[in-house]
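Q: First the structure, which I've put down as C-alpha coordinates, then a few questions once you've had a look.
The values are calculated or read from the model by the stated rules, or taken from the named source; none is laboratory data. Nothing here was measured: the structure is a model prediction, and the numbers come from that model. Using ideal geometry, Cβ is built from the backbone for each residue, glycine included, and neighbour counts are taken over all protein chains shown. The protein model used for the area step is the full one, side chains on, heavy atoms only, and it has no ligands, DNA or RNA in it. Shrake-Rupley method; radii C 1.70, N 1.55, O 1.52, S 1.80 Å.
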Amino acid sequence: MTGSTSTLTARLSGLVRPGRARALAGFGLAAVLLLAVAPVLLSPFRLGLLGKFLCLAMVAVGIGLAWGRGGLLTLGQGVYFGLGAYVMAMHLKLADAGPGGVPDFMLLYGTGEVPGWWEPLRSPGVALALVVLVPAALAAVLGWAVFTRRVRGAYFAILSQALAAAFAILLIGQQQTTGGTNGLNGFRSFFGYDLADPVNQRMLYLIAAGVLLVMVAVARQLMVSRFGEVLVAVRDQEDRVRFLGYDPAAVKTVVYVIAAVMAAVGGALFVPIVGIISPADVGVVPSIAFLVGVAIGGRATLLGPVLGSVAVSWAQTTMSEAFPSGWIYLQGALFVLVVAFLPGGLASVLPMLRRRRRSAREAEPDAPAASDDATSSDLLPEGSRA
(Lines give C-alpha, C1' and ligand atoms only; values in the text may rest on other atoms or scores of the structure.)
Protein backbone atom coordinates (compact mmCIF):
# COMPACT_ATOMS: atom_id res chain seq x y z
CA MET A 1 0.00 0.00 0.00
CA THR A 2 2.80 2.38 0.88
CA GLY A 3 4.62 1.55 -2.35
CA SER A 4 1.56 2.21 -4.50
CA THR A 5 0.91 5.49 -2.70
CA SER A 6 4.46 6.67 -3.26
CA THR A 7 4.26 5.66 -6.92
CA LEU A 8 1.03 7.64 -7.36
CA THR A 9 2.57 10.63 -5.61
CA ALA A 10 5.61 10.47 -7.86
CA ARG A 11 3.41 10.36 -10.95
CA LEU A 12 1.35 13.32 -9.79
CA SER A 13 4.46 15.31 -8.95
CA GLY A 14 5.74 14.59 -12.46
CA LEU A 15 2.54 15.94 -13.94
CA VAL A 16 2.68 19.18 -11.95
CA ARG A 17 6.36 20.05 -12.14
CA PRO A 18 6.99 23.71 -11.25
CA GLY A 19 7.87 24.66 -14.82
CA ARG A 20 4.82 22.96 -16.25
CA ALA A 21 2.56 24.38 -13.52
CA ARG A 22 3.75 27.92 -14.21
CA ALA A 23 3.22 27.40 -17.95
CA LEU A 24 -0.31 26.12 -17.41
CA ALA A 25 -1.10 28.99 -15.07
CA GLY A 26 0.23 31.55 -17.53
CA PHE A 27 -1.62 29.92 -20.42
CA GLY A 28 -4.86 29.94 -18.42
CA LEU A 29 -4.44 33.59 -17.46
CA ALA A 30 -3.77 34.57 -21.09
CA ALA A 31 -6.82 32.61 -22.23
CA VAL A 32 -9.05 34.37 -19.71
CA LEU A 33 -7.72 37.81 -20.64
CA LEU A 34 -8.02 37.28 -24.40
CA LEU A 35 -11.19 35.22 -24.61
CA ALA A 36 -13.26 36.60 -21.72
CA VAL A 37 -11.99 39.96 -20.46
CA ALA A 38 -11.04 41.72 -23.71
CA PRO A 39 -14.38 41.15 -25.53
CA VAL A 40 -16.23 42.60 -22.55
CA LEU A 41 -14.06 45.65 -21.86
CA LEU A 42 -13.08 46.75 -25.36
CA SER A 43 -15.26 48.49 -27.92
CA PRO A 44 -15.82 46.76 -31.29
CA PHE A 45 -13.22 49.02 -32.92
CA ARG A 46 -10.58 48.38 -30.24
CA LEU A 47 -11.37 44.68 -30.28
CA GLY A 48 -10.81 44.55 -34.02
CA LEU A 49 -7.56 46.44 -33.54
CA LEU A 50 -6.44 43.91 -30.94
CA GLY A 51 -7.37 41.12 -33.35
CA LYS A 52 -5.06 42.69 -35.93
CA PHE A 53 -2.25 42.84 -33.37
CA LEU A 54 -2.78 39.15 -32.52
CA CYS A 55 -2.44 38.21 -36.20
CA LEU A 56 0.90 40.01 -36.32
CA ALA A 57 1.90 38.29 -33.07
CA MET A 58 1.46 34.91 -34.80
CA VAL A 59 4.30 35.88 -37.09
CA ALA A 60 6.35 36.80 -34.02
CA VAL A 61 5.87 33.34 -32.48
CA GLY A 62 7.46 31.74 -35.54
CA ILE A 63 10.29 34.27 -35.59
CA GLY A 64 10.94 33.55 -31.93
CA LEU A 65 11.43 29.88 -32.77
CA ALA A 66 13.53 30.45 -35.88
CA TRP A 67 15.64 33.37 -34.61
CA GLY A 68 15.58 33.03 -30.85
CA ARG A 69 16.09 29.26 -30.75
CA GLY A 70 17.58 28.49 -34.15
CA GLY A 71 19.67 31.60 -34.75
CA LEU A 72 18.01 32.25 -38.15
CA LEU A 73 17.74 36.00 -38.67
CA THR A 74 14.61 35.92 -40.83
CA LEU A 75 14.13 39.32 -42.46
CA GLY A 76 11.65 38.05 -45.03
CA GLN A 77 8.68 36.71 -43.07
CA GLY A 78 6.50 39.18 -44.93
CA VAL A 79 6.66 36.78 -47.88
CA TYR A 80 4.92 33.96 -46.02
CA PHE A 81 2.56 36.37 -44.29
CA GLY A 82 1.63 37.71 -47.71
CA LEU A 83 1.21 34.29 -49.29
CA GLY A 84 -1.30 33.22 -46.65
CA ALA A 85 -3.05 36.59 -46.84
CA TYR A 86 -3.33 36.68 -50.62
CA VAL A 87 -4.60 33.10 -50.82
CA MET A 88 -7.35 33.95 -48.35
CA ALA A 89 -8.09 37.28 -50.06
CA MET A 90 -8.44 35.61 -53.46
CA HIS A 91 -10.89 33.09 -52.03
CA LEU A 92 -12.95 35.85 -50.39
CA LYS A 93 -13.07 37.86 -53.63
CA LEU A 94 -14.25 34.80 -55.57
CA ALA A 95 -16.83 33.99 -52.89
CA ASP A 96 -18.18 37.55 -53.04
CA ALA A 97 -18.40 37.34 -56.85
CA GLY A 98 -20.53 34.18 -56.63
CA PRO A 99 -20.29 30.91 -58.59
CA GLY A 100 -18.61 31.59 -61.91
CA GLY A 101 -18.43 35.30 -61.12
CA VAL A 102 -15.52 37.67 -61.71
CA PRO A 103 -14.01 39.83 -58.93
CA ASP A 104 -14.74 43.53 -59.32
CA PHE A 105 -11.13 44.68 -59.78
CA MET A 106 -10.65 42.27 -62.70
CA LEU A 107 -13.52 43.97 -64.50
CA LEU A 108 -11.73 47.31 -64.10
CA TYR A 109 -8.09 46.38 -64.68
CA GLY A 110 -8.17 42.96 -66.32
CA THR A 111 -9.76 41.16 -69.22
CA GLY A 112 -12.93 40.34 -67.35
CA GLU A 113 -11.99 36.67 -67.02
CA VAL A 114 -10.76 34.80 -63.97
CA PRO A 115 -7.26 33.31 -64.49
CA GLY A 116 -7.07 29.53 -64.40
CA TRP A 117 -4.82 29.47 -61.33
CA TRP A 118 -7.49 31.41 -59.41
CA GLU A 119 -10.27 28.88 -60.07
CA PRO A 120 -9.28 26.23 -57.46
CA LEU A 121 -9.58 28.92 -54.76
CA ARG A 122 -13.36 29.01 -55.18
CA SER A 123 -13.43 25.97 -52.88
CA PRO A 124 -13.10 26.87 -49.16
CA GLY A 125 -11.32 23.59 -48.43
CA VAL A 126 -8.74 24.15 -51.16
CA ALA A 127 -8.17 27.71 -49.97
CA LEU A 128 -7.57 26.63 -46.37
CA ALA A 129 -5.20 23.88 -47.51
CA LEU A 130 -3.22 26.23 -49.76
CA VAL A 131 -2.87 28.77 -46.95
CA VAL A 132 -0.64 26.18 -45.25
CA LEU A 133 0.79 24.19 -48.17
CA VAL A 134 2.02 27.01 -50.43
CA PRO A 135 4.15 28.80 -47.78
CA ALA A 136 5.34 25.48 -46.37
CA ALA A 137 6.45 24.24 -49.79
CA LEU A 138 8.27 27.50 -50.62
CA ALA A 139 9.99 27.57 -47.23
CA ALA A 140 11.01 23.91 -47.52
CA VAL A 141 12.52 24.36 -51.00
CA LEU A 142 14.25 27.63 -50.17
CA GLY A 143 15.42 26.49 -46.75
CA TRP A 144 16.86 23.22 -47.97
CA ALA A 145 18.62 24.92 -50.91
CA VAL A 146 20.15 27.54 -48.63
CA PHE A 147 20.99 25.53 -45.52
CA THR A 148 22.58 22.59 -47.34
CA ARG A 149 25.05 25.11 -48.75
CA ARG A 150 25.71 26.33 -45.20
CA VAL A 151 24.50 29.86 -45.87
CA ARG A 152 23.91 31.51 -42.50
CA GLY A 153 24.25 34.69 -40.50
CA ALA A 154 24.09 37.98 -42.36
CA TYR A 155 24.07 36.24 -45.74
CA PHE A 156 20.84 34.42 -44.93
CA ALA A 157 19.30 37.62 -43.55
CA ILE A 158 20.12 39.54 -46.73
CA LEU A 159 18.79 36.72 -48.90
CA SER A 160 15.49 36.56 -47.01
CA GLN A 161 15.12 40.34 -47.16
CA ALA A 162 15.76 40.33 -50.92
CA LEU A 163 13.02 37.70 -51.25
CA ALA A 164 10.55 40.00 -49.49
CA ALA A 165 11.47 42.91 -51.76
CA ALA A 166 11.10 40.75 -54.88
CA PHE A 167 7.72 39.45 -53.71
CA ALA A 168 6.37 42.98 -53.16
CA ILE A 169 7.60 44.08 -56.59
CA LEU A 170 5.96 41.03 -58.18
CA LEU A 171 2.63 41.85 -56.58
CA ILE A 172 2.78 45.48 -57.70
CA GLY A 173 3.46 44.45 -61.30
CA GLN A 174 0.48 42.07 -61.50
CA GLN A 175 -2.36 44.57 -61.23
CA GLN A 176 -4.74 42.47 -63.34
CA THR A 177 -4.52 39.44 -61.04
CA THR A 178 -3.40 40.75 -57.63
CA GLY A 179 -4.75 44.31 -57.58
CA GLY A 180 -1.29 45.86 -57.88
CA THR A 181 -0.47 48.62 -55.43
CA ASN A 182 -4.08 48.79 -54.23
CA GLY A 183 -4.05 45.14 -53.25
CA LEU A 184 -7.25 43.21 -52.55
CA ASN A 185 -9.98 44.73 -50.40
CA GLY A 186 -13.71 45.24 -50.09
CA PHE A 187 -14.49 41.78 -48.69
CA ARG A 188 -18.14 41.29 -47.77
CA SER A 189 -18.25 37.77 -46.34
CA PHE A 190 -16.08 35.18 -44.63
CA PHE A 191 -17.09 31.57 -45.37
CA GLY A 192 -20.71 32.62 -45.63
CA TYR A 193 -20.74 35.01 -42.65
CA ASP A 194 -21.36 38.71 -43.15
CA LEU A 195 -18.25 40.66 -42.20
CA ALA A 196 -20.28 43.78 -41.44
CA ASP A 197 -22.08 42.04 -38.58
CA PRO A 198 -20.52 42.93 -35.18
CA VAL A 199 -21.22 39.39 -33.93
CA ASN A 200 -19.15 37.92 -36.76
CA GLN A 201 -16.39 40.46 -36.15
CA ARG A 202 -16.21 39.31 -32.54
CA MET A 203 -16.16 35.71 -33.76
CA LEU A 204 -13.14 36.50 -35.94
CA TYR A 205 -11.36 38.03 -32.96
CA LEU A 206 -12.03 34.93 -30.86
CA ILE A 207 -10.71 32.71 -33.66
CA ALA A 208 -7.53 34.79 -33.87
CA ALA A 209 -7.05 34.69 -30.09
CA GLY A 210 -7.60 30.93 -29.98
CA VAL A 211 -5.20 30.27 -32.85
CA LEU A 212 -2.52 32.41 -31.19
CA LEU A 213 -2.88 30.47 -27.93
CA VAL A 214 -2.53 27.20 -29.83
CA MET A 215 0.60 28.50 -31.56
CA VAL A 216 2.15 29.52 -28.24
CA ALA A 217 1.38 26.06 -26.83
CA VAL A 218 2.98 24.40 -29.87
CA ALA A 219 6.03 26.66 -29.59
CA ARG A 220 6.49 25.77 -25.93
CA GLN A 221 6.21 22.07 -26.68
CA LEU A 222 8.86 22.40 -29.37
CA MET A 223 11.13 24.35 -27.05
CA VAL A 224 11.08 21.74 -24.27
CA SER A 225 11.30 18.75 -26.65
CA ARG A 226 14.39 16.99 -27.95
CA PHE A 227 13.98 18.93 -31.19
CA GLY A 228 14.24 22.19 -29.24
CA GLU A 229 17.45 21.04 -27.58
CA VAL A 230 18.97 20.08 -30.93
CA LEU A 231 17.85 23.42 -32.39
CA VAL A 232 19.64 25.37 -29.66
CA ALA A 233 22.72 23.19 -30.16
CA VAL A 234 22.67 23.94 -33.89
CA ARG A 235 22.45 27.63 -33.10
CA ASP A 236 25.42 27.57 -30.72
CA GLN A 237 27.70 24.84 -32.16
CA GLU A 238 26.56 23.82 -35.63
CA ASP A 239 29.80 22.03 -36.57
CA ARG A 240 29.84 20.02 -33.36
CA VAL A 241 26.22 18.96 -33.90
CA ARG A 242 27.14 17.79 -37.39
CA PHE A 243 29.97 15.70 -35.97
CA LEU A 244 27.51 14.09 -33.55
CA GLY A 245 25.49 12.72 -36.46
CA TYR A 246 22.69 15.28 -36.80
CA ASP A 247 21.96 17.17 -40.00
CA PRO A 248 21.82 20.90 -39.15
CA ALA A 249 20.32 21.71 -42.56
CA ALA A 250 17.32 19.48 -41.87
CA VAL A 251 16.80 20.96 -38.39
CA LYS A 252 16.96 24.51 -39.73
CA THR A 253 14.63 23.70 -42.61
CA VAL A 254 12.02 22.24 -40.27
CA VAL A 255 11.95 25.27 -37.97
CA TYR A 256 11.97 27.60 -40.98
CA VAL A 257 8.91 25.82 -42.39
CA ILE A 258 7.14 26.02 -39.02
CA ALA A 259 7.81 29.76 -38.84
CA ALA A 260 6.55 30.18 -42.41
CA VAL A 261 3.29 28.34 -41.67
CA MET A 262 2.67 30.41 -38.54
CA ALA A 263 3.21 33.60 -40.54
CA ALA A 264 0.88 32.40 -43.29
CA VAL A 265 -1.92 31.55 -40.85
CA GLY A 266 -1.53 35.00 -39.29
CA GLY A 267 -1.80 36.56 -42.74
CA ALA A 268 -4.89 34.52 -43.60
CA LEU A 269 -6.69 35.75 -40.46
CA PHE A 270 -5.38 39.29 -40.98
CA VAL A 271 -7.37 39.64 -44.22
CA PRO A 272 -10.96 39.29 -42.90
CA ILE A 273 -10.17 41.18 -39.68
CA VAL A 274 -8.49 44.20 -41.31
CA GLY A 275 -10.31 44.04 -44.65
CA ILE A 276 -7.34 44.62 -46.95
CA ILE A 277 -4.01 43.17 -48.01
CA SER A 278 -1.55 45.01 -50.24
CA PRO A 279 2.17 44.93 -51.14
CA ALA A 280 2.73 47.54 -48.41
CA ASP A 281 1.88 44.85 -45.83
CA VAL A 282 4.34 42.23 -47.08
CA GLY A 283 7.48 44.07 -48.19
CA VAL A 284 10.80 44.81 -46.54
CA VAL A 285 9.53 47.37 -44.01
CA PRO A 286 6.80 45.11 -42.54
CA SER A 287 9.26 42.21 -42.39
CA ILE A 288 11.69 44.33 -40.37
CA ALA A 289 8.81 45.50 -38.15
CA PHE A 290 8.03 41.86 -37.32
CA LEU A 291 11.63 41.42 -36.23
CA VAL A 292 11.70 44.62 -34.16
CA GLY A 293 8.79 43.45 -32.03
CA VAL A 294 10.46 40.11 -31.37
CA ALA A 295 13.77 41.75 -30.46
CA ILE A 296 12.15 44.22 -28.07
CA GLY A 297 10.06 41.56 -26.35
CA GLY A 298 12.83 38.97 -26.04
CA ARG A 299 13.54 36.59 -28.90
CA ALA A 300 14.74 33.65 -26.79
CA THR A 301 11.66 33.51 -24.55
CA LEU A 302 8.21 32.06 -25.09
CA LEU A 303 5.96 35.06 -24.48
CA GLY A 304 8.51 37.79 -25.21
CA PRO A 305 7.92 37.80 -29.00
CA VAL A 306 4.14 37.93 -28.54
CA LEU A 307 4.18 40.73 -25.97
CA GLY A 308 6.82 42.67 -27.89
CA SER A 309 4.90 42.39 -31.16
CA VAL A 310 1.62 43.53 -29.58
CA ALA A 311 3.38 46.39 -27.76
CA VAL A 312 5.14 47.61 -30.92
CA SER A 313 1.94 47.34 -32.98
CA TRP A 314 0.01 49.28 -30.34
CA ALA A 315 2.75 51.92 -30.13
CA GLN A 316 2.82 52.23 -33.91
CA THR A 317 -0.93 52.79 -34.04
CA THR A 318 -0.84 55.31 -31.19
CA MET A 319 2.31 57.19 -32.16
CA SER A 320 1.59 57.31 -35.87
CA GLU A 321 -1.65 59.16 -35.14
CA ALA A 322 0.22 61.88 -33.22
CA PHE A 323 3.56 61.79 -35.09
CA PRO A 324 2.99 60.27 -38.56
CA SER A 325 6.54 60.90 -39.79
CA GLY A 326 8.36 60.21 -36.52
CA TRP A 327 7.32 56.65 -35.74
CA ILE A 328 9.79 55.02 -38.14
CA TYR A 329 12.71 56.82 -36.47
CA LEU A 330 11.46 55.86 -33.01
CA GLN A 331 11.06 52.25 -34.10
CA GLY A 332 14.61 52.16 -35.43
CA ALA A 333 15.95 53.77 -32.26
CA LEU A 334 14.16 51.19 -30.09
CA PHE A 335 15.65 48.36 -32.13
CA VAL A 336 19.17 49.77 -31.88
CA LEU A 337 18.88 50.42 -28.13
CA VAL A 338 17.58 46.93 -27.40
CA VAL A 339 20.21 45.19 -29.51
CA ALA A 340 23.03 47.30 -28.06
CA PHE A 341 22.08 47.44 -24.37
CA LEU A 342 19.47 44.72 -23.80
CA PRO A 343 20.14 41.81 -26.19
CA GLY A 344 17.67 39.58 -24.36
CA GLY A 345 14.83 42.06 -24.81
CA LEU A 346 12.47 43.34 -22.15
CA ALA A 347 11.78 39.77 -21.05
CA SER A 348 15.33 39.59 -19.67
CA VAL A 349 14.85 42.53 -17.30
CA LEU A 350 13.13 40.57 -14.50
CA PRO A 351 15.59 37.63 -14.57
CA MET A 352 18.44 40.13 -14.51
CA LEU A 353 17.00 41.85 -11.44
CA ARG A 354 16.47 38.47 -9.74
CA ARG A 355 20.09 37.49 -10.36
CA ARG A 356 21.32 40.75 -8.90
CA ARG A 357 19.17 40.34 -5.79
CA ARG A 358 20.38 36.76 -5.37
CA SER A 359 24.00 37.87 -5.70
CA ALA A 360 23.43 40.62 -3.17
CA ARG A 361 21.85 38.16 -0.72
CA GLU A 362 24.70 35.71 -1.10
CA ALA A 363 27.23 38.47 -0.42
CA GLU A 364 25.46 39.79 2.70
CA PRO A 365 26.37 37.03 5.22
CA ASP A 366 30.09 37.45 4.52
CA ALA A 367 30.19 41.04 5.78
CA PRO A 368 28.85 40.43 9.34
CA ALA A 369 31.10 37.39 9.74
CA ALA A 370 34.15 39.45 8.87
CA SER A 371 33.16 42.22 11.26
CA ASP A 372 32.52 39.74 14.09
CA ASP A 373 35.98 38.23 13.64
CA ALA A 374 37.58 41.62 13.67
CA THR A 375 35.71 42.65 16.81
CA SER A 376 36.59 39.49 18.68
CA SER A 377 40.24 39.81 17.76
CA ASP A 378 40.29 43.34 19.06
CA LEU A 379 38.97 42.13 22.45
CA LEU A 380 41.76 39.59 22.91
CA PRO A 381 44.72 40.45 25.14
CA GLU A 382 47.82 41.65 23.35
CA GLY A 383 49.76 38.52 24.14
CA SER A 384 47.09 36.19 22.79
CA ARG A 385 46.50 38.06 19.48
CA ALA A 386 49.59 36.58 17.92
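Q: Under a 5 Å amide H to amide H cut-off, with H placed in plane at 1.01 Å, what residues pair with Ser189 once short-range neighbours are removed?
A: Leu195
Q: If you don't mind, there's one more thing I want to ask. Classify segment 13-93 from the C-alpha gyration tensor, please: rounded if a/c falls under 1.5, else prolate or oblate depending on whether a/b exceeds b/c.
A: It is oblate, given that a/c is not under 1.5 and a/b is not larger than b/c.
Q: On to the next question. Counting C-alpha atoms alone, how compact is segment 8-147: give Rg to one decimal and Dmax as a whole number, in angstrom.
A: 21.2, 72
Q: Quick query: amide H of Ile276 versus all other amide H atoms, modeled in the peptide plane; which residues come in under 5 Å with a sequence gap of 5 or more or a different chain?
A: none
Q: Another question about this same structure. Using label points projected 7 Å from each Cα along Cα→Cβ, tell me how many nm separate Val285 and Arg226, to one decimal.
A: 4.7
Q: With a 10 Å cut-off between alpha carbons and a GNM built on the chain, which of Val151, Val79, Val261 moves the most?
A: Ranking Val151, Val79, Val261 by mean-square fluctuation puts Val151 first.
Q: Of the accessible area of the chain, with the probe set at 1.4 angstrom, what percent is carbon plus sulfur?
A: Carbon plus sulfur share of accessible area: 67 percent.
Q: So, one more: Can you tell me the 0 to 90 degree angle between the C-alpha axis of helix 18-32 and the longest principal axis of the chain, rounded to 10?
A: Compared with the principal axis, the helix lies near 40 degrees.
Q: Moving on to the next point. Give me the net charge of Ser278's neighbourhood, meaning all other residues with Cβ under 15 Å from the Cβ of Ser278; Lys, Arg count +1, Asp, Glu -1.
A: +1
Q: Heavy atoms only, 1.4 Å probe, whole protein assembly: order Trp314, Trp118, Trp144 by accessible area, highest first.
A: Heavy-atom accessible area, descending, gives Trp314, Trp144, Trp118.
Q: Test of understanding: what is the full-extension gain from Ala196 to Thr148, defined as 0.36 nm times their sequence separation minus their Cα-Cα distance?
A: Extra length available between Ala196 and Thr148 comes to 12.5 nm.
Q: Let me know the charge dipole size of the chain about its Cα centre in debye, to the nearest 20, where only the beta-carbon of Lys, Arg (+1) and Asp, Glu (-1) is charged.
A: Dipole magnitude for the chain comes out near 660 debye.
Q: With θ taken as phi - 60° and the coefficients 6.51, -1.76 and 1.60, list the Karplus ³J(HN,Hα) couplings across segment 256-265 in order, rounded to whole Hz; mark glycine and proline as x.
A: 5, 5, 4, 5, 5, 5, 4, 5, 5, 5
Q: Which shape class, rounded, prolate or oblate, goes with segment 130-179 when its Cα gyration tensor gives a ≥ b ≥ c as root eigenvalues, a/c under 1.5 marks rounded, and past that a/b bigger than b/c marks prolate?
A: Since a/c reaches 1.5 but b/c is at least a/b, the shape of segment 130-179 is classed as oblate.
Q: Also, I was wondering about something else. Please state the shape class of segment 281-324: rounded when a/c is under 1.5, otherwise prolate if a/b exceeds b/c and oblate if not, all from the C-alpha gyration tensor.
A: oblate
Q: For the chain, what is the mean residue ellipticity at 222 nm derived from helices alone (per DSSP H run of n ≥ 4: -39500 (n - 2.57); sum divided by total residues; nearest 500 deg cm²/dmol)?
A: Result for the chain, helices only: -23500 deg cm²/dmol.
Q: For the chain, what's the radius of gyration and Dmax over Cα atoms, in angstrom?
A: 26.2, 111
Q: Please work out how much accessible surface Leu24 shows to a 1.4 Å probe, ignoring ligands, DNA and RNA, in Å² rounded to 10.
A: 120
Q: Mind checking Rg over Rh on segment 137-291, alpha carbons, Kirkwood formula for Rh?
A: 1.04
Q: Now a separate question. So, for segment 56-168, what is the accessible surface per residue at a probe of 1.4 Å, expressed in square angstrom?
A: I get 39 Å² per residue for this part.
Q: For segment 90-99, in order, what is each residue's ³J(HN,Hα) by Karplus, 6.51 cos²θ - 1.76 cosθ + 1.60 with θ = phi - 60°, in whole Hz (x at glycine and Pro)?
A: Each residue's phi maps through the Karplus curve to give 5, 5, 5, 5, 5, 5, 5, 6, x, x Hz.
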